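Taking it in order: structure first as structure tokens, then the write-up.
Please treat every number below as a calculation from the coordinates, not as lab data. Given the structure is predicted, the values throughout are model-derived calculations rather than measurements. Cβ coordinates were reconstructed from backbone atoms using ideal geometry, including for glycine residues, and neighbour counts include every protein chain displayed.
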Amino acid sequence: MLVAAILLWVSACSCAQEALRAQSPRDRNWTGYESNATRIYKSAEHCGAFAVTGDQGIGLSSVDGITWFNHVPAVLTNSQRQVRGGGMLVRIGPRGTIQSSTDGLCWTNRNSSTASRLHSVAHGNGLFATVGNEGALVTSVDGLIWISRNSGTEERLRGIVYANGRFVVVGYAGTILTSKNGLQWTLCHSPTDQRLLDVAYGCGQFVAVGWKGVLLTSPDGVTWISRNSGVSLHLRNISYDPSDSPSQEKASLP
């Protein structure tokens, strides 16, 4: 009886998985389905992958940045972030707030040289870099002393990531900036003029998301391609988790 019950359970699980696979398109477009309440995306595979969330319960996921399928979105926010680098934790927020900590318990306010709201922070190549409103871009070697850099734009900068040997920044009006050293920044050609709200990197692809379902991908952070997200609502957040321990945490200030 026990063996028969186990076999029945395995068979039911297998059927359920096959049914779910049949509902998960694997083409090069982003595809969504309507639920009774709102536009929701579901998938059995959303670990070790990109995850995108947006307005009205939108969720998308991909393991390579090119082929996408639907999933139930996790709760993500890109309004305030923290990042670890060089033994230091740094977190940012409104009114130019930058705080640093060595243990995550005791935090010290730092002079950010800007009063603009800061939206995102990244660490790479021995440098912290954070971006925000009015084209604010501030960097630090140690997380203690911060220097304002010329971003070359006054557009609101919303997301930053370091990967593949360079920083990539995205912002309003389709703004995309890149830098290898975090000091000199280059404005890239963007295939959109919509507001870009977040950017991530994984599986050899940078992926940026934004207003009206805009979704861009790039293998190098310089040349970008517009993808069909299949939705017209705003995509606000994207993350890539290669394991159960993502290198960049998102957290809000107390």
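Each of residue 222 and residue 173 was given a label point 7 Å from its Cα along the Cα-to-Cβ line. The distance between the two points is 2.4 nm.
Amide hydrogen proximity for residue 163: with H placed 1.01 Å from N in the peptide plane, the residues at 5 or more positions away or on another chain lying under 5 Å are 168. Alpha carbon centre of segment 108-141 versus segment 159-220: separation in Å? Comparing the Cα centres of segment 108-141 and segment 159-220, I get a distance of 16 Å. Dividing the Cα radius of gyration of segment 98-141 by 2.2 N^0.38 Å, with N the residue count, gives 1.18. Here each label is just a point 7 Å from Cα along the line to Cβ, and for residue 183 and residue 150 those points are 1.4 nm apart.
Normalised by 2.2 N^0.38 Å, where N is the number of residues, the alpha-carbon radius of gyration of segment 186-242 equals 1.05.
Charge dipole of segment 82-249 (Cα centre as origin; +1 on each Lys and Arg Cβ, -1 on each Asp and Glu Cβ, all else neutral): 260 debye, rounded to the nearest 20.
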